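The values are calculated or read from the model by the stated rules, or taken from the named source; none is laboratory data. Note that the structure is a prediction, hence the values are computed from the model and not measured. Note: ideal-geometry Cβ built from the backbone for every residue, glycine included; neighbour counts use all protein chains shown.
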Amino acid sequence: MFKKLDRKKIKFRPLAERKNKMTVSDVKTLNSSGPRLADTNIEFLAQAIVKAYKKNKKVILAMGAHPLRRGNSRIIINLMERGIISHVATNGAVPIHDLELALIGATMEDVERYIKDGKFGNWEEASVFINKAALYGSRHGLGLGESIGRAIHKGFASKFPYKDVSIFAAAYRLGIPITVHKGIGYDITDQHPSADFGAIGKTSGDDFLIFADSISKLQGGVFISMGAQAMGPEVYLKALSMARNISIQKKKKINSFTTGVFDLIDLGNWRSEKDVVNYKILKRLKDPRYYFRPLKTILVRTIRDGGKSYYVRGDFSDTIPVLYRRITELLKE
């Protein structure tokens, strides 16, 4: 048995003492002006989303923290309120930023500033709150995302004065599944002694199965990954394989759906290069695009049997508002 670090020896500070790089004033309003991007992929995705919505099909969003950090919380919440987004899947960083914004109206600590003396991540409130939510969920059969959303939604207004920008609280209020796909040690909440890794593992594991159930209903729907380079494609791939395995036994298919990826990576002319992710061609293993999982998993491999895919490259501060605006325009037509 090896020695383990004792987290009780760590000195934690209150969030009020922390300098942050984002405040609630950076969260966009629904009528925030944005660029008029001439991106046909956004147009195709908007059309697919509206079509799925009108046919009561699933629109599933997988997101990392950067879409939130670029101010898009209200947009995502409004799409949930309209009944367009039917499931939100996140990594472990998203609920931290979401909760901090709801709690103190600020988030995004300066990592370079605080890592020098071991203050980075060692803040009290968010860690305790999220870890307590995980414990509650593990005892009451809830997933991690629902547990966090419940805790923020039911928290006193004085405790969460900015809960109107909380994606998690909105999901709980609306009865929309929101799932957190955790990795132990990935997030600052794991640094706190209140983190019960058994409870976190159980609730995040339950979230994986909740997500897989949504993926099992993806036929005719849309799956979009925004800034989720690792969690998005990997969790989606496993969930889709399980869902297809079960559906084939029932002589049904999950093959006709649309996928979209929003990111900053230049993928070149990936669509015209049929073998860009073919591992059997040795030269492809030297192409860095091969290792960009959203490309090979979400845009290529999983839609080859009847689906469509689109890639949107750009700053989330620009691309997500443009997608939202186009969706709302199409709904009025």
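Structure data summary
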item: Matching entry among Ala102, Ala89 (being outside any helix (DSSP H, G or I), buried (at least 21 other Cβ atoms within 10 Å of the Cβ), touching a helix residue (DSSP H, G or I) at 6+ places or on another chain (Cβ under 9 Å) and in contact (Cβ under 8 Å) with a residue 60 or more places away in the chain); result: Ala89
item: Residue in the stretch 277-285 that is under 18 Å from Met63 (Cα atoms) and of a type in the set (S, T, N, Q) present; result: no
item: Flag if Thr297 is within 20 Å of Thr319 (Cα to Cα) and within 18 Å of the chain's Cα centre (by Cα); result: no
item: Close pairs from the stretch 231-252: first on the phi < 0 side of the Ramachandran plot, partner crowded, with 21+ Cβ neighbours inside 10 Å and among the aromatic types (Phe, Trp, Tyr), Cβ under 6 Å, at least 6 apart; result: Ala239/Phe211
item: Selection count, the stretch 70-82, where residues are surrounded by fewer than 22 Cβ atoms within 10 Å (Cβ to Cβ) and more than 23 Å from Lys57 (Cα to Cα); result: 2
item: Answer from Val322, Val277 - the residue that is modelled with pLDDT of 85 or more, of a type in the set (Val, Ile, Thr) and farther than 19 Å from Gly221 by Cα; result: Val322
item: Test: Ile60 is in contact with a Ser or Thr (Cβ under 7 Å, 6 or more places away or on another chain) and in a strand (DSSP E or B); result: yes
item: Residue count, the stretch 27-48 (criterion: outside any loop (DSSP other than H, G, I, E, B) and surrounded by fewer than 16 Cβ atoms within 10 Å (Cβ to Cβ)); result: 2
item: The stretch 105-123: number of residues that are in a loop (DSSP other than H, G, I, E, B) and either under 30 Å from Tyr53 (Cα atoms) or in contact with a Pro (Cβ under 8 Å, 6 or more places away or on another chain) (or both); result: 1
item: Filtered residue count, the stretch 130-173, keeping only those that are in a helix (DSSP H, G or I) and surrounded by 24 or more Cβ atoms within 10 Å (Cβ to Cβ); result: 16
item: Strands (runs of 3 or more DSSP E) fully within the stretch 220-333 counting 2 or more residues that are in contact with a Gly (Cβ under 6 Å, 6 or more places away or on another chain), surrounded by fewer than 17 Cβ atoms within 10 Å (Cβ to Cβ) and not acidic (Asp, Glu); result: none
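For (1) over 22 Å from Asn72 (Cβ atoms); (2) in contact with a helix residue (DSSP H, G or I) (Cβ under 8 Å, 6 or more places away or on another chain); (3) touching a residue at least 12 places away in the same chain (Cβ under 8 Å); (4) not hydroxyl-bearing (Ser, Thr, Tyr), each residue gets a yes or a no:
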| site | (1), (2), (3), (4) |
| --- | --- |
| Asp206 | yes, yes, yes, yes |
| Ala228 | no, yes, yes, yes |
| Ile254 | yes, yes, yes, yes |
| Gly260 | no, yes, yes, yes |
| Val277 | yes, yes, yes, yes |
| Lys283 | yes, no, no, yes |
| Leu295 | yes, yes, yes, yes |
